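All of the numbers you see were taken from the coordinates with simple rules; none came from a lab. Quick caveat: nothing in here was measured; it's all calculated off a predicted structure. Here Cβ is always computed from backbone atoms with ideal geometry, including for glycine, and neighbour counts include all displayed protein chains.
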Amino acid sequence: MTHYLNLYLLLLSICSLLLFAACKNEVKLNKSESEGRASVKKDTTSVLSAVLLKKIKAVPDYDTSQWVDLKFMDSTILIDLRYATEDNFVKEKMYECARCFLRPKAAKVILKIHQDLQEKGMGLKLFDCYRPLSIQQRLWDKVPDATYVTNPKKGSMHNRGLAVDLTIVDSSGEELDMGTPFDFFGRKAHHTHTDHTKEVLKNRRLLKSTMEAVGFKSIRTEWWHYSYRYAKYPLADMVWECGVGNQ
Ligand SMILES: [Zn+2]
């Protein structure tokens, strides 16, 4: 009988030890996961496990009833926001990071254009999208000239999340020749200036006809600027978060 009791006690000890080890492992796993999340906030360049990265990317960190982050919807669309760098006409970084936000209706149309172009071996590249009103104010403070910057008191379609600055790229991501770079302020950037090569005129016509066919309107002085006319939204000052996978 004592022999059986000893055996029973031994089995019980082994079970307890196994249970303890399992719990400890679980705590360790949870700890490393929460540490991983903390490091995302601290350092956006952290190398994360694919699983954790997927978890973060799967949850939008913005109000989806008001906004769409284009890259979030289609990772193949090229985003080159110049105001997130010093490579812009004010030579100063204005956005903390490059995320292209638009109002849902305008975003849906842009994504459709991009996907239609992809079928023809091309795609879109965005230079600017929604621009917070506070950034518009900073631009105005630097360049208070309505020829180049819209007065924030009036606000622009970019501040409403309904305007885009963009171009078309080929299958290798190279920009089509539009005659001038983005944000070139001068007659050569005007739609009405026709002293360009046939190739440039053809490329501009392609961009203009593609955009106008789905409700985007051009302005005479900038070949890259289009605003969506089939939706109305107020001026906004939503400033986006900078996170992993969104820059
Ligand atoms: Zn613009």
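Highest mean first, the peptides 199-211, 139-151 sorted by other C-beta atoms within 10 Å per residue fall in the order 199-211, 139-151.
Taking Cα centre as origin and charging only the Cβ of basic (Lys, Arg, +1) and acidic (Asp, Glu, -1) residues, the dipole magnitude of the range 145-229 rounds to 540 debye. Placing +1 on the Cβ of every Lys and Arg and -1 on the Cβ of every Asp and Glu, with no other charges, gives the range 63-228 a dipole of roughly 640 debye about its Cα centre. In units of the compact-protein estimate 2.2 N^0.38 Å, the range 124-247 shows a Cα radius of gyration of 1.12.
Taking every Cα-Cα distance in the range 83-147 and sorting them into 10 Å bins from zero, the calculated P(r) comes out as 18, 41, 28, 13, 1 percent. Near LYS93, once Lys and Arg are set to +1 and Asp and Glu to -1 for all other residues with Cβ below 10 Å from its Cβ, the sum equals -2. Counting each pair of different Cα atoms once, what's the Kirkwood radius of the range 71-188 in Å, rounded to one decimal? For the range 71-188, inverting the mean 1/r across all distinct Cα pairs yields 15.1 Å.
Taking label positions 7 Å along the Cα-Cβ direction at both ASN151 and GLU119, the computed distance is 4.6 nm, reported to one decimal.
Backbone amide hydrogens, once placed in the peptide plane, bring ILE219 within less than 5 Å of HIS225, excluding anything fewer than 5 places away on its chain.
In this simple spin-label approximation, ASP170 and GLN137 carry label points 7 Å from Cα along the Cα→Cβ vector, and these lie 4.5 nm apart.
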